[in-house]
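Beneath this line is the structure, given in structure tokens, with notes to follow.
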Amino acid sequence: MGLSPAAVVRGPGAITALAWDVLRLTFTTPFQAREFVEQAWFVARVTMMPAILVSIPFGAVISLQVGNLTGQLGAESFAGATAVLATVREAAPIAAALIIAGAAGSAICSDLGARKMREEIDAMEVLGIDPVARLVVPRALATVAVALLLNGIVIAAGIAGGYYFIVIAQGGSAGAFLSSFTALATLPDIYVAMVKAGCFGFIAAIVGAHKGLNAAGGPSGVGRAVNETVILAFMLLFLLNTIITALYFQVVPQAGV
């Protein structure tokens, strides 16, 4: 049987409502500093090394493809600029988003889902404690903060990998790579990359929290919720990336050479 129209709308509506509650409670409730620090450290611990390891192949593939293409076009001097541009605009935010959604989002979902199964969420509500303010808000803020940090790390690692594969592996000119560094990439590219990373981290946390708080059916239900979190988060992140990129090209004038 197919899903009813109400069921189709209910899921996105519930996620949107949770996102709004998190944004509202962030500014209207006391800041959970201890929970924020603990969750930020946890998310950073499970995502830092994978993000660095993923950024190196990202930078390698982009650099090899760009170096080959610019060589065919006779524009080897712009290999560094194009590699940096691709890394800053797309590769770094996407790599950070995949790690955040796959590791942090699933961890948030499994944690809240386990609390739901142990009836801790119901106990908090009985005691008059809002589980969204107490549990979801600090996790969402921690995930956003770590996503911004990871984005910067992936950018640095990607550029370093690009320098290695273009200058050392392919015998390019180090001077041309460094001099063309800012030929195409500008400060707004950094800004939009950080905006993307922050939005991606927030969405991953919200999806994980929503699936965890609504998990049912025992341990197997928590497992299904984790799988749904990863799939749904990936879909939303790529959709949001397309929207932000399209808006960015319409609003910000692009640098020429």
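Every read-out reported here was derived from the displayed coordinates using simple, explicitly stated rules and does not represent laboratory data. Note that the coordinates shown come from a computational prediction; the quantities given were computed from them, not determined experimentally. Positions of Cβ are generated from backbone atoms using ideal geometry, with glycine treated the same way; all protein chains shown enter the neighbour counts.
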For labels at R134 and T186 in the simple 7 Å Cα→Cβ model, what's the distance in nm? 4.9 nm
Place the peptides 157-165, 90-98, 47-55 in order of packing, highest mean first, counting for every residue the other Cβ atoms within 10 Å and averaging per peptide. 90-98, 157-165, 47-55
How would you rank 104-110, 26-32, highest first, on the average number of other Cβ atoms within 10 Å across their residues? 104-110, 26-32
What full-extension length gain, to one decimal in nm, is calculated for V195 and Y164 as 0.36 nm per residue of separation minus the Cα-Cα distance? 8.4 nm
Could you sort the peptides 112-125, 238-251 by per-residue average Cβ neighbour count (10 Å cutoff), highest mean leading? 112-125, 238-251
How much length is gained on full extension from L239 to A216, taking 0.36 nm per residue of separation minus their Cα-Cα distance? 5.5 nm
